[in-house]
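Visitor: Please read through the structure below; I'll follow up with questions.
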Amino acid sequence: MSKNALVTGGNRGIGYEACRQLAQQGFKVWLGARNEEKGIKAANQLQEEGLDVHSIFLDVAQPDKIGQVRDEILQEDGKIDVLINNAGIFPDKKSSILDVDTVTFEDIQLVNYFGPYFLMTTFIPVMLENNYGRVVNIAAEIGVSHALDAPMAGAYKVSKYSLNALTRLFAGTTRRKDVKVNSVSPGWVKTDLGGEKAKRKPEEAMEGILWLAQLEEDGPNGKFFRDKEELDF
């Protein structure tokens with residue numbers, strides 16, 4: 001049986017390209033999107049390329065709905081092999097932490113930090129039961145300790161710094177099983193989030209994501225990478 005993968009925020013940018021390239025590698029891909037119409041359109045486009053991609057409603061900011069996503073996938077596939085926590089928002093790019101209102105700060109944490117938390121608490125137990133799983137958290141190089149002294153984009157930085165902490169914590173729960181939890185920086189990518197001045201195209205950001213999604217049993221766990229190079233955080 002082929003492996004399957006769930007990609008959050010899969011209807012555009014890095015998530016969309018991850019869906020494409022995972023499917024090209026032989027995965028059945030569940031394209032998670034909070035906008036059902038856009039998710040269906042994106043999945044249909046990839047299906048037209050002959051790829052096994054299926055849209056599923058998934059809003060990471062609605063934790064009470066994540067169990068339904070798990071149940072739908074398990075009902076059809078009986079397992080979940082790979083989880084790509086890609087969905088994220090970055091509304092405070094040019095704002096000092098002093099200028100970010102509390103609602104915006106909370107929204108950023110809800111999507112970028114709590115979203116992956118809820119997904120991992122929902123799907124990692126399934127992976128542990130099946131003794132196989134690969135979790136890839138999309139982090140950021142500006143969300144590391146040496147970048148925190150600069151106050152700009154502070155809410156986003158905190159969310160990504162905290163995501164790496166979650167990566168290590170959850171990795172600690174999987175060490176006795178063939179389940180790996182790692183983070184990766186895709187680099188500065190030309191997407192709606194990254195902006196037009198970014199240096200990389202989405203397809204150029206896939207090396208580390210695809211590698212971590214297909215790690216061998218002796219592969220790393222609880223680490224942070226850019227492509228295949230380990231980074232400190």
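Visitor: Which condition number does residue 204 fail, the rest of (1) charged (D, E, K, R); (2) part of a strand (DSSP E or B); (3) modelled with pLDDT under 95 being met?
Guide: That leaves (2) as the condition not met.
Visitor: Report, by residue number, each residue of the stretch 121-158 that is loosely packed, with under 15 Cβ neighbours inside 10 Å and among the hydrophobic types (A, V, I, L, M, F, W, C).
Guide: 148, 150
Visitor: Quickly run through the stretch 80-108 and pick out the residues that are in contact with a strand residue (DSSP E or B) (Cβ under 7 Å, 6 or more places away or on another chain) and of a type outside the set (Gly, Ala, Ser).
Guide: Scanning the stretch 80-108 gives 80, 81, 82, 83, 84, 85, 86, 94.
Visitor: Going residue by residue through the stretch 14-35, is there one that turns out to be closer than 24 Å to residue 204 by Cβ, charged (D, E, K, R) and outside any loop (DSSP other than H, G, I, E, B)?
Guide: Yes; the residues of the stretch 14-35 include at least one that is closer than 24 Å to residue 204 by Cβ, charged (D, E, K, R) and outside any loop (DSSP other than H, G, I, E, B).
Visitor: Something else about it: Based on this model, can you work out whether residue 5 counts as over 23 Å from residue 208 (Cα atoms), in contact with a helix residue (DSSP H, G or I) (Cβ under 8 Å, 6 or more places away or on another chain), of a type outside the set (S, T, N, Q) and not in a helix (DSSP H, G or I)? Outline the logic, then answer.
Guide: Values: over 23 Å from residue 208 (Cα atoms): no; in contact with a helix residue (DSSP H, G or I) (Cβ under 8 Å, 6 or more places away or on another chain): yes; of a type outside the set (S, T, N, Q): yes; not in a helix (DSSP H, G or I): yes.
For residue 5, the condition - over 23 Å from residue 208 (Cα atoms), in contact with a helix residue (DSSP H, G or I) (Cβ under 8 Å, 6 or more places away or on another chain), of a type outside the set (S, T, N, Q) and not in a helix (DSSP H, G or I) - is not met.
Visitor: Looking at 216, 196, which one is outside any helix (DSSP H, G or I) and modelled with pLDDT under 85? Walk me through how you get there before you give the answer.
Guide: Working: 216 fails: modelled with pLDDT under 85.
Answer to the selection: 196.
Visitor: Take the residues in the stretch 3-43 that are in contact with an Asp or Glu (Cβ under 8 Å, 6 or more places away or on another chain) and of a type in the set (S, T, N, Q), then tell me which one is farthest from residue 134 (Cα to Cα).
Guide: The selected residue is 21.
Visitor: Every residue in the stretch 55-83 that is touching a Ser or Thr at 6+ places or on another chain (Cβ under 7 Å) and buried (at least 16 other Cβ atoms within 10 Å of the Cβ), please.
Guide: Within the stretch 55-83, the subset touching a Ser or Thr at 6+ places or on another chain (Cβ under 7 Å) is 58, 60, 66-67, 70.
58, 60, 66, 70 - these are the residues of the stretch 55-83 that are touching a Ser or Thr at 6+ places or on another chain (Cβ under 7 Å) and buried (at least 16 other Cβ atoms within 10 Å of the Cβ).
Visitor: Would you pick out the residues in the stretch 1-20 that are among the polar types (S, T, N, Q) and modelled with pLDDT under 95?
Guide: Applying the first criterion (among the polar types (S, T, N, Q)) to the stretch 1-20 yields 2, 4, 8, 11.
Answer for the stretch 1-20, where residues must be among the polar types (S, T, N, Q) and modelled with pLDDT under 95: just 2.
The values are calculated or read from the model by the stated rules, or taken from the named source; none is laboratory data. Owing to the predicted nature of the structure, the values given are computational and were not obtained by experimental measurement. Cβ sites come from the backbone with ideal geometry, for glycine too, and all protein chains shown count toward neighbours.
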